[in-house]
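What follows is one structure encoded as C-alpha cells, with my remarks underneath.
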Amino acid sequence: MRKKWNNLSMDKKPERILIISPNWIGDAIMAQPLLQLLKQREPATVIDILAPAWVAPVWEAVPEVSRVYATSFRHGKLQLKERWRMARVLKASSYDRAYVLPNTLKFALIPWMAKIPERIGYLGEKRYGLLNVIHRDDKHSPRPMIPFYAALANPPAKDAPGREDCPTPHMSVAREEAVGILEKLDIDATRRIVAFAPGAEFGPAKRWPVHSFIALAERILAEFGHIQILLLGSPNDRVVCDPIASAVPAVVNLAGKTTLKEAIALISQIDALVTNDSGLMHVASAFGRPVIAMYGSTDYHHTPPFSKYSEIVSLDLECAPCQKRECPLGHHHCMELLKPETVYSVLRKYLVSPVGRTGGLPLEGESGEREEVKP
C-alpha cells in the first residue's frame with residue numbers, strides 16, 4: 001500500500017537524515033529524544049543511524065530508526081581508509097542532513113567525505129568546515145545530556161530547551177521476542193523479576209560494593225521468596241557478578257551470557273532494576289521500568305534515570321560527585337556508606353505493588369496500595 005506523506009506533495013521525497021551515534025549505550029539512549037523531535041516536525045523523515053557495533057542494538061529497538069549501520073572503528077584510531085569506505089556507502093543514500101553527536105573530529109570527517117550538504121553538531125575539536133551548522137555549549141555550566149542532544153533539533157541558540165521541554169527517551173521490543181528471550185535463558189515469565197546491574201564501564205568509583213548487593217539479594221529473598229533475581233552485565237562485569245552469585249546461589253548470573261540485544265529484551269520484562277549509574281540503567285528507564293539507581297562519584301543531575309518510576313539513592317557527600325574512575329581519597333565512602341537497608345526500603349514498594357506488570361504469580365502478603373518510602 002502506498003504511504004501518505006504528511007505535509008508533503010506526492011512529487012517530493014521525504015528528507016533523509018543520518019545520525020552519527022554516541023559511543024556509549026547510555027548516551028545513545030539519551031540522544032533518542034532528538035529523533036523524536038525530528039519526527040514530530042516531519043513524520044515522513046527517514047532517519048538512519050551510524051553506530052559502533054556494541055551500541056547498534058540500542059538503535060535497533062528505537063522505533064524512529066529505519067536503518068542502522070554498525071561500524072567497527074577502533075577507539076582512538078583515525079582509520080582514515082575505513083572512514084572513507086563508509087563515507088562512499090553513505091553517499092549512495094543521498095542524505096540531506098547529518099547530526100554528528102560525538103564531539104571528535106574523526107566522526108565529523110565521515111559526513112563531510114560523504115558530501116552530505118548539512119552537517120550539524122557541537123564544535124567539539126574545532127570542527128570548522130567539517131560541520132556547517134555549529135552549536136556551542138557552556139563548559140562552565142553544562143546541560144544534562146538529554147537537552148544537550150535535543151538542542152540540535154533547532155537552530156543554534158543561547159537559550160536551548162531544558163529537560164522539562166524534551167521528550168522522554170523510549171525503546172520498543174515486541175513482547176513475543178522478549179518472552180522468547182526469557183524462555184531461551186530459562187527465566188520464568190510468570191514470576192516477578194528483579195535485575196541487578198552491579199557493573200559500570202567507567203570505573204570502580206561508580207560501583208556499589210559487592211557485599212552490599214549480596215546483602216540486598218538476601219533481604220529480598222527473605223521477604224519475597226518467589227522473586228527471581230538476575231545479574232546483568234557484560235563479560236567485564238563478571239568480576240563483580242560472580243562473587244554475588246557464589247554468595248547467593250538463588251540468583252541467576254547472566255553476566256557475559258547475553259548479547260546486548262537479549263539484555264535489552266529481557267529488561268523490557270523486569271519488575272525493577274537496581275543499578276549503578278550505567279548504560280543498563282538508561283535501558284530500563286527507556287522501557288518505563290522502576291529503576292533504583294545508586295550514585296556516588298557521578299552527577300545525577302547530568303545523567304539521571306528518566307523513568308517516571310526512577311529512584312535516585314545518594315548520600316550527597318561533600319566530596320561527591322568527583323567524576324573520577326577511582327576514588328581519589330581512597331575510601332569510597334560515597335558507596336561504601338550507602339546501606340543495603342536504605343536501598344531495600346526504596347525498592348520494596350515496587351515489590352509490594354508492581355508497576356505495569358505483564359503477568360506474574362501473586363506474592364504472599366501482596367498489597368494493592370503502594371507505601372511511600374524515602375531513602
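Quick notes on this one:
- Residue match in region 183-194 (condition: among the β-branched types (Val, Ile, Thr) and modelled with pLDDT under 95): yes
- Filter pass, Pro328 being under 25 Å from Lys139 (Cβ atoms), out of contact with any helix residue (DSSP H, G or I) (no Cβ under 8 Å at 6 or more places or on another chain) and crowded, with 17+ Cβ neighbours inside 10 Å: no
- Only residues that are outside any helix (DSSP H, G or I) and not hydrophobic (A, V, I, L, M, F, W, C) were counted in region 21-60, giving 8.
- Within region 66-81, the set of residues being without any contact (Cβ under 8 Å) to a residue 40 or more places away in the chain and either in a loop (DSSP other than H, G, I, E, B) or exposed (fewer than 15 other Cβ atoms within 10 Å of the Cβ) (or both) comprises Ser66, Arg67, Ser72, Phe73, Arg74, Gly76, Lys77, Leu78, Gln79, Leu80, Lys81.
- Odd one out for Glu177 among (1) touching a residue at least 40 places away in the same chain (Cβ under 8 Å); (2) within 26 Å of Thr303 (Cα to Cα); (3) open to solvent by 30 Å² or more (accessible area, probe 1.4 Å); (4) touching a helix residue (DSSP H, G or I) at 6+ places or on another chain (Cβ under 6 Å): (2)
- Enumeration of residues in region 80-137 that are β-branched (Val, Ile, Thr) and under 16 Å from Ala153 (Cβ atoms): Val100, Ile120, Val133, Ile134
- Subset of region 201-238 [of a type in the set (D, E, K, R), farther than 11 Å from Tyr344 by Cβ and over 19 Å from the mean Cα position of the chain (by Cα)]: Arg238
- For Met335: the one exception among (1) touching a residue at least 24 places away in the same chain (Cβ under 8 Å); (2) open to solvent by 20 Å² or more (accessible area, probe 1.4 Å); (3) of a type outside the set (Val, Ile, Thr): (2)
- Scanning region 221-258 for residues that are hydroxyl-bearing (Ser, Thr, Tyr) and surrounded by fewer than 17 Cβ atoms within 10 Å (Cβ to Cβ) yields one hit, Ser246.
- Cβ-Cβ under 8 Å pairs, at least 6 apart or on other chains, region 117-135 side at negative phi and surrounded by fewer than 20 Cβ atoms within 10 Å (Cβ to Cβ), far side charged (D, E, K, R) and assigned to a strand (DSSP E or B): Pro117/Arg97; Glu118/Arg97; Asn132/Glu118; Asn132/Arg119; Val133/Glu118; Val133/Arg119
- Inter-residue pairs, beta-carbon under 9 Å, first free of Cβ contacts under 8 Å to residues at least 40 places away in the same chain and in region 188-210, second part of a loop (DSSP other than H, G, I, E, B) and polar (S, T, N, Q), 6+ apart: none
- Qualifying positions in region 201-212 - open to solvent by 10 Å² or more (accessible area, probe 1.4 Å), of a type outside the set (A, V, I, L, M) and modelled with pLDDT of 95 or more: Arg207, Pro209, His211
- Region 84-116, subset among the hydroxyl-bearing types (Ser, Thr, Tyr) and within 20 Å of Ala28 (Cβ to Cβ), residue surrounded by the most Cβ atoms within 10 Å (Cβ to Cβ): Tyr99
- Of the residues making up region 280-296, those that are open to solvent by less than 20 Å² (accessible area, probe 1.4 Å) and over 17 Å from Val343 (Cα atoms) are His282, Val283, Ala284, Ser285, Ala286.
- Residue within region 183-200 that is open to solvent by 10 Å² or more (accessible area, probe 1.4 Å) and under 30 Å from Met145 (Cα atoms) present: no
- Selection count where residues are under 12 Å from the mean Cα position of the chain (by Cα) and of a type in the set (Gly, Ala, Ser), scope region 289-318: 1
The values are calculated or read from the model by the stated rules, or taken from the named source; none is laboratory data. Treat the numbers as computed from the prediction; the structure is a model and nothing was measured. Positions of Cβ are generated from backbone atoms using ideal geometry, with glycine treated the same way; all protein chains shown enter the neighbour counts. Remember, those area values only see protein heavy atoms, side chains included, never the ligands or the DNA or RNA. Shrake-Rupley method; radii C 1.70, N 1.55, O 1.52, S 1.80 Å.
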